[in-house]
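Each reported figure results from applying straightforward, stated rules to the coordinates on display, with no laboratory input. Keep in mind the model is a prediction, meaning the values are calculated, not measured. Glycine also receives a Cβ, built like all others from the backbone with ideal geometry; neighbour counts cover every protein chain displayed.
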Amino acid sequence: MTGVSPYLVPPEDLASLLGAEPAFRASQLREWLYQHPVLTADEMTNLPAGIRDSIGDALWPFDVEVDQSADGGRTRKWLFRAPDGAAIEAVLMGYPRRTTLCISSQVGCAMGCTFCATGQFGFDRQLEAGEMVAQVAYANAFLRRFPIDGCPERVTNVVYMGMGEPLANYERVRESLRRLIDVAGMSARSVTVSTVGVVPGMLRLADEPWPVYLAVSLHGADDETRSRLVPLNDRYPLEAVLTAAEKYFASKGRRISIEWTLIDGANDSDHQARRLADIARRLRAHVNVIPLNPTPLSADEPSSSDRTRGFMEALLVGGTNATLRETRGQEIDAACGQLRLRRATE
Ligand code: SAH
Ligand code: SF4
């Protein structure tokens with residue numbers, strides 16, 4: 001071993017780390033990394049001590065800098081730190097029949113959505129495929145040792161909704177999907193890629209072999225409203241995003257979901273709700289309304305509970321299938337980019 005995390009090596013090339021060891025050792029190692037992840041190399045019981053020792057502390061491509069739990073242990077947030085100082089956040093949410101992990105796809109984000117802590121910080125670098133897959137493997141290894149009461153003891157769902165815009169890191173995200181689905185054996189139906197509307201990436205994803213769910217972060221139901229919140233709308237306007245979403249649906253048969261962060265006075269009017277309902281009907285999409293998590297660098301505030309109710313009612317009247325997202329882990333800054341922000345400003 002070279003001190004390089006085996007997660008940073010393609011699963012088919014693991015033999016290159018093992019020198020003169022027989023080929024079946026690489027298969028055994030691959031099983032430990034992808035099928036039965038463990039927290040430490042010591043636990044890879046069928047590998048000789050020499051190999052376990054040589055992996056040693058380099059098993060993970062990052063250190064665990066922060067590990068916090070909330071909601072009575074049902075929500076867990078990790079801040080991982082890569083050797084170059086890059087911060088990688090992941091949030092685990094346990095429910096009675098699923099355990100969902102929200103992973104990061106970039107360090108920071110260049111898209112600059114006004115209300116988003118990650119966007120406010122700008123872009124640092126792309127995450128490698130192995131750094132994305134290792135977030136999932138770490139959560140699986142953790143759950144195996146520390147299960148959440150009443151929840152599945154493995155990650156059943158992965159959502160690319162942490163820091164970063166996955167479709168602005170297309171090749172590496174694609175490779176992470178390949179490893180999660182083809183190598184680790186997750187079902188494509190248990191994976192959701194969330195995009196702010198990178199149209200070329202949406203069209204490419206429609207041509208990939210995996211029918212993953214696509215979530216489109218809309219936040220505005222006309223170009224003027226959307227451009228104020230999502231600068232990328234000037235490059236890929238609403239109609240282009242909706243057409244790409246339709247193509248995705250036609251190609252994969254997977255229901256699109258629309259994400260809508262509800263912001264006081266910015267996108268919470270009945271008028272916006274009615275237009276959103278029209279869009280949702282056209283795409284046959286489900287709408288997830290997310291109450292704004294306030295960020296220190298923006299004056300935006302969440303909508304009042306009355307307005308939130310009014311908005312949801314207007315969606316229902318418009319015939320839309322809509323859910324108000326439960327806010328998880330607020331006391332541990334579980335929203336996108338917020339833990340890193342807190343660490344950086346302390
Ligand atoms: N870049 C991708 C995925 C990461 S952001 C995207 O934008 O879809 C994941 C979700 O978190 C997005 O729907 C985004 O709108 C939401 N989000 C970002 N900042 C938020 C905040 N401060 N409060 C509530 N939701 C937020
Ligand atoms: Fe990037 Fe998504 Fe945040 Fe927008 S909401 S800045 S696309 S991470």
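Data overview
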item	result
Along each principal axis, Cα extent of the chain, largest first, Å	66, 44, 37
Distance (nanometres) between label positions extended 7 Å along Cα→Cβ at SER16 and ARG274	6.0 nm
Residue-span extension gain [ALA23 to GLU153] - 0.36 nm each, minus C-alpha spacing	43.7 nm
Full-extension gain in nm, SER305 to GLU65, via 0.36 nm per residue minus C-alpha separation	82.9 nm
Modelled FRET efficiency - R0 56 Å, GLU208 with VAL317, Cβ distances, 0.05 increments	0.95
Rounded to 10°, Cα long-axis angle of helix 238-252 versus longest principal axis of the chain	50 degrees
Of PRO10, THR118, LEU92, farthest towards positive along the dipole that unit charges on Lys, Arg, Asp, Glu beta carbons give segment 1-152	LEU92
Ranked list, fewest to most other Cβ atoms within 10 Å of each Cβ, for GLU171, GLU301, GLU43	GLU171, GLU301, GLU43
From the C-alpha gyration tensor of segment 257-323, square roots of 5λ in Å	21, 12, 9
Between segment 1-69 and segment 103-144, the Cα center-to-center distance that results, in Å	22 Å
Estimated dipole of the chain in Debye, rounded to 20 [Cβ of Lys and Arg +1, of Asp and Glu -1, Cα centre]	960 debye
